[in-house]
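Asker: Would you mind keeping the following structure in view while I ask a few things?
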Amino acid sequence: MPFTAKDEEFRQEARAFIEQNLPQDVRDKVLSGQEVRKEDYMRWYKALAAKGWSAPNWPVEHGGVDWTTVQRFIFDDEAGLAGAPRLSPFGLSMVGPVLMQFGTDEQKAEHLPKILSGDKLWCQGYSEPGSGSDLASLRTRAVRKGDKYVINGSKIWTSLAHHADWIFCLVRTSDEPKKQNGISFMIFPVTTPGIEIRPIIATSGLHHLNETFFTDVEIPLDSLVGEEGKGWTIAKHLLEHERISGGACGELKTALERVQHMASEERAGDGERLIDDPDFRRRLKDTEAELMTVENTMLKALSAHSAAKGIGAVSSLIKVRRSEVQQMISELGVMAGGYYSAPYNLGALKEGWNEDPVGADYFNGLMPSYLFLRAASIYSGSNEIQRNIIAKHELGL
């Protein structure tokens, strides 16, 4: 798309800020596929907060930035290209907007400033064993007893719960014939007695996911957001933000450029470059074209969202295509790296690599990226479910 002179001026401002404030060691970790630890991530979060740029998607009255949709797009693009870690969406893009729309004045005053500054990190308690894409079948229950709710149950795939201070949860507060009814949205500290967080180490070696157990967890009544039994409405609102927030493409462009560089530099046993293989080159160009369609669709969705227009099933469409493009790029990366891709960072399993790295530095991190992104078409609602949503909305099925 064409950008105006003012847009390009902003791009230079954003690029200069990132260059001056993104720590080089954090950039190197992101670009090489290594685990970015909480202390690394928070250095970048705090730099953005100090500049007032941590929540450009928020209204100005709540501490957001008066950027146009195009400026937000440009900043996300530049940050991804530079190797900046993406800020966790759970506070900034999910529970923050939920509190703005459904929270009480007290909840907004308590939580929004701390989300903005990075002093309060959040995680999401949605999926359960047996209740993933069919989220409305969840069984974690909150029972009202006097001036408290008592929660029992469990959640799974709780991303970054081991880094979080607070959790937002969907819990069942009553039994209704329609399973979407009787669900409530609640917020409370993860340090509340009765909460146990157990790590799930991915095949990539990274500790990103967790199981979360609730045993007689007592929380005050003001932990409820919105009306009791109306959590499904809030959940749908939040999931729209979640799927839009996952659409930035800068890091995917960087990953694709890395693959192209590898394929141009390395030679196979017959001395030929992979980039000169017609089939590989076709796959590379097809992937690049698919990435461009995701980027354009994302920009249109942001424009509609900023204009307070409904975006229908577009957020589901973005989620499906972006996850598929992510997987396509990671597959091309492993193909380009060949056996050099095999050694990889073990992250939470142990320090270092499963074998000494071999070949050029740009081979590092290919395998953990490939392994982790097998889940991209499942998390945030599986692509099969998203296609059903698209069909129902667009075809009236």
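Asker: Using the heavy atoms of the protein chains alone and a 1.4 angstrom probe, what is the accessible area of the stretch 140-269 per residue in square angstrom?
Answerer: So the stretch 140-269 comes to 44 Å² accessible per residue, rounded to a whole number.
Asker: Let me ask something else. If you fit an axis through the alpha-carbon atoms of helix 5-21 and take the longest principal axis of the Cα set of the chain, what angle between them do you get, 0 to 90°, nearest 10?
Answerer: 90 degrees
Asker: Which residue, Lys230, Lys155, Lys285, tops the fluctuation ranking in a GNM of the chain built on C-alpha contacts under 10 Å?
Answerer: The residue that fluctuates most here is Lys285.
Asker: Relative to the longest principal Cα axis of the chain, at what angle does helix 383-395 sit, 0 to 90 degrees, rounded to 10?
Answerer: For helix 383-395, the angle is close to 80 degrees.
Asker: Per the 1.4 Å probe, what fraction of the accessible area of the chain, in percent, lies on carbon and sulfur atoms?
Answerer: C and S fraction of accessible area: 52 percent.
Asker: May I ask for the angle, rounded to the nearest 10°, between helix 105-117 and the longest principal axis of the chain, with both axes built from Cα atoms and the value confined to 0 to 90°?
Answerer: 20 degrees
Asker: Okay, next question. Farthest toward the dipole's positive end in the chain, which of Ser184, Leu112, Gln124, given Cβ charges of +1 (Lys, Arg) and -1 (Asp, Glu) about the Cα centre?
Answerer: So the residue we want is Ser184.
Asker: When the helices in the chain are scored as -39500 (n - 2.57) per DSSP H run of 4 or longer and the sum is shared across all residues, what 222 nm value do you end up with, to the nearest 500 deg cm²/dmol?
Answerer: After summing the helix terms and dividing by residue count, I get -14500 deg cm²/dmol.
Asker: Now, a different point. Please identify, among Ala375, Ala342, Ala263, the residue showing maximal mean-square fluctuation in a Gaussian network model of the chain using a 10 angstrom Cα cutoff.
Answerer: Ala375
Asker: Using a 1.4 Å probe, what is the accessible area per residue for the stretch 37-129, in Å²?
Answerer: So the stretch 37-129 comes to 37 Å² accessible per residue, rounded to a whole number.
Asker: Pull up the cross-link candidates among the aspartates and glutamates for Lys178, meaning alpha carbon to alpha carbon under 19 Å and not fewer than 8 places away within one chain.
Answerer: Glu128, Asp134, Glu227, Glu228
Asker: Which whole-number percent gives the relative contact order of the chain, counting Cα pairs below 8 Å spaced six or more residues apart?
Answerer: Result for the chain is 15 percent.
The values are calculated or read from the model by the stated rules, or taken from the named source; none is laboratory data. Note that the coordinates shown come from a computational prediction; the quantities given were computed from them, not determined experimentally. Every residue, glycine among them, receives a Cβ derived from its backbone with ideal geometry; neighbour counts consider all protein chains shown. Ligands, DNA and RNA are excluded from the accessible area calculation, which covers all protein heavy atoms including side chains. Shrake-Rupley method; radii C 1.70, N 1.55, O 1.52, S 1.80 Å.
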